[in-house]
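Colleague: Here it is, the structure in full.
The values are calculated or read from the model by the stated rules, or taken from the named source; none is laboratory data. Note that the structure is a prediction, hence the values are computed from the model and not measured. For neighbour counting, all protein chains shown are included, and Cβ atoms are generated from backbone atoms with ideal geometry for every residue, glycine included.
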Amino acid sequence: MSENNIMNKKNGVIIGYGGMGSWHGNYLKNSDVVNLKGVYDIKAERCELAESREIHAYSSFEEVLADKDVDFVTIATPNDVHKSLAIAAMAVGKHVICEKPVTVSSEDLQEMIDAAVKYDRIFTVHQNRRWDVDYLAMRKLYRSGDLGQVYKVESRIHGSRGIPGDWRQRPEQGGGMILDWGIHLIDQIMLIVHDKKLKKVWCHCDHITNELVDDGFALDMFFEDDLVARVEVGTSNFVSMPRFYMTGANGSGIIREWTEPCEVVWCHNWDYKDAVPVVTAAGLTKTMAPRDEKTIAKKQLERPQSDVHDFYRNFVKAIDGIEPQLVTHHQMMVDMKIMEAAFESDRLCMPVDVDLQF
Ligand SMILES: NC(=O)c1ccc[n+]([C@@H]2O[C@H](COP(=O)([O-])OP(=O)(O)OC[C@H]3O[C@@H](n4cnc5c(N)ncnc54)[C@H](O)[C@@H]3O)[C@@H](O)[C@H]2O)c1
């Protein structure tokens with residue numbers, strides 16, 4: 001993993017030193033591929049906080065742009081200003097990592113991609129949830145074929161604290177949960193169901209604590225071959241549904257909590273028919289009778305290994321022309337178009353056709 005030559009280290013500056021900017025700052029302090037040159041934030045107190053942590057704070061964005069030693073910027077501001085900052089940085093020769101969502105519309109994103117091509121810069125988005133082990137386990141399970149033909153994938157994040165009381169509550173700043181969490185979960189689904197085209201989306205947004213932006217949503221993604229993926233984010237869910245669920249013709253997999261391993265159950269004896277009926281207060285059923293070890297087997301998948309700093313390692317290698325960037329312009333655009341289709345579907349109260357694949 002660390003065969004990177006120290007000579008290839010790149011100098012980076014974080015723009016926006018809030019919650020996520022601080023996360024990047026902590027990581028980059030010990031990076032094997034990046035020197036953290038400093039940060040810039042429009043708020044003086046955030047710059048002072050950086051300096052108290054012995055991180056240099058630039059006095060303006062222009063000062064960052066004028067610093068010839070800066071190879072790249074990581075933009076961790078609210079979503080509405082990603083585009084202008086990214087294009088300005090690329091125009092003076094900096095490479096750019098944007099926090100997710102990369103911006104708030106496909107038109108904006110196209111302008112950013114055009115700038116990356118025009119100025120010949122690496123421009124990518126920090127899809128760090130590609131390194132979450134729950135997602136990696138589900139991706140492995142899908143690719144293993146162990147479940148037979150997969151026809152349902154469900155991915156949920158449930159919290160009960162509403163939307164944070166910051167810019168995430170404001171539509172003009174790119175607030176709401178589709179842009180905040182939907183982007184991660186949609187991106188993961190497109191990587192799991194890598195072999196099928198997405199043909200249709202149907203989305204319903206919640207407005208339980210906020211009228212202006214979605215504070216949760218349920219998005220059904222209809223793929224080829226009758227595979228449906230459900231992506232759900234809730235911020236008023238006091239009991240959480242499982243993080244991931246996947247089911248196929250011959251078995252099912254589940255991850256109940258973020259940090260728990262994937263449990264897989266599969267059928268090894270279809271011909272054994274002797275089901276014991278379930279008797280409830282009002283009747284009985286054989287169809288829905290649970291299986292026992294005569295027909296099913298269970299296992300826990302080994303937890304995948306991951307290191308989220310591989311994102312930066314790839315970015316630096318992409319700058320040096322050693323590797324293609326992992327999060328591509330095409331994938332960024334597909335994710336953005338799915339989010340736009342989800343908003344449109346919610347507005348129309350009906351499904352919206354798409355034709356998209358990573
Ligand atoms: N990838 C992830 O896991 C993850 C997690 C959280 C947030 N994010 C993303 O990171 C970005 C920032 O989110 P956050 O939670 O850190 O928000 P935040 O409000 O905590 O921090 C944003 C910071 O940007 C500063 N800022 C605003 N406009 C600026 C400008 N023009 N120039 C310089 N600084 C400016 C603000 O003063 C603030 O300190 C968002 O795009 C968000 O979606 C990503």
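Colleague: Hey, can you tell me all the residues within the range 194-207 that are within 30 Å of G165 (Cα to Cα) and touching a residue at least 40 places away in the same chain (Cβ under 8 Å)?
Modeller: Initially, the range 194-207 is screened for residues within 30 Å of G165 (Cα to Cα), giving 201-207.
Passing the criteria: V201, W202, C203, H204, C205.
Colleague: Looking only at the range 163-182, which residues are farther than 17 Å from V233 by Cα and more than 8 Å from the ligand (Cβ to nearest atom)?
Modeller: Result: G165, R170, P171, E172, Q173.
Colleague: Now a separate question. Being surrounded by 17 or more Cβ atoms within 10 Å (Cβ to Cβ), out of contact with any strand residue (DSSP E or B) (no Cβ under 8 Å at 6 or more places or on another chain) and farther than 18 Å from M336 by Cα is true for just one of D187, D132, D108. Which residue is that?
Modeller: The match here is D132.
Colleague: Oh, and also: Could you grab me the full set of residues in the range 224-270 that are polar (S, T, N, Q) and surrounded by 20 or more Cβ atoms within 10 Å (Cβ to Cβ)?
Modeller: If the condition is that a residue be polar (S, T, N, Q) and surrounded by 20 or more Cβ atoms within 10 Å (Cβ to Cβ), then T235 is the only one that fits.
Colleague: Related question: Identify, from the list D108, D114, D120, the residue that is at positive phi and either assigned by TED's automatic domain parsing to the domain that holds L191 or more than 10 Å from the ligand (Cβ to nearest atom) (or both).
Modeller: Only one candidate passes the filter, namely D120.
Colleague: From R313, R243, grab the single residue that is more than 29 Å from H158 (Cβ to Cβ) and within 21 Å of the chain's Cα centre (by Cα).
Modeller: R313
Colleague: Looking at (1) surrounded by 13 or more Cβ atoms within 10 Å (Cβ to Cβ); (2) not in a helix (DSSP H, G or I), can you tell me which one K83 breaks?
Modeller: All conditions are met except number (2).
Colleague: Ok, one more. Cβ contacts < 7 Å: first residue within 17 Å of H204 (Cα to Cα), restricted to the range 344-358; second residue part of a loop (DSSP other than H, G, I, E, B) and of a type outside the set (S, T, N, Q), any location; separation 6+ or different chain. Result?
Modeller: Close Cβ pairs satisfying both conditions: S345/P351.
Colleague: With the condition kept exactly as written, say whether any residue in the range 18-27 is more than 19 Å from D307 (Cα to Cα) and either within 11 Å of the ligand (Cβ to nearest atom) or not basic (K, R) (or both). First the steps, then the outcome.
Modeller: Within the range 18-27, the first condition is being more than 19 Å from D307 (Cα to Cα), and the residues that meet it are 18-19.
Still in the running and either within 11 Å of the ligand (Cβ to nearest atom) or not basic (K, R) (or both): 18-19.
The answer is yes, given that some residue of the range 18-27 is more than 19 Å from D307 (Cα to Cα) and either within 11 Å of the ligand (Cβ to nearest atom) or not basic (K, R) (or both).
Colleague: Condition first: within 12 Å of the chain's Cα centre (by Cα) and assigned to a loop (DSSP other than H, G, I, E, B). Now tell me which residues in the range 128-157 satisfy that.
Modeller: D132
Colleague: I need the full set of residues from the range 147-162 which are crowded, with 20+ Cβ neighbours inside 10 Å and within 14 Å of the ligand (Cβ to nearest atom), in order please.
Modeller: I157
Colleague: Shifting gears a bit: One residue is enough: does the range 55-67 have a residue meeting the conditions surrounded by fewer than 17 Cβ atoms within 10 Å (Cβ to Cβ), within 10 Å of the ligand (Cβ to nearest atom), under 27 Å from H330 (Cβ atoms) and not assigned by TED's automatic domain parsing to the domain that holds M336?
Modeller: No, the range 55-67 has no match at all.
Colleague: Considering only residues that are over 28 Å from R170 (Cβ atoms) and more than 16 Å from the ligand (Cβ to nearest atom), which ones fall in the range 183-209?
Modeller: I192, V193, H194, D195, K196, K197, L198, K199, K200
Colleague: Going by the structure shown, is V125 more than 22 Å from S60 (Cα to Cα), within 14 Å of the ligand (Cβ to nearest atom) and not in a helix (DSSP H, G or I)?
Modeller: Criteria met by V125.
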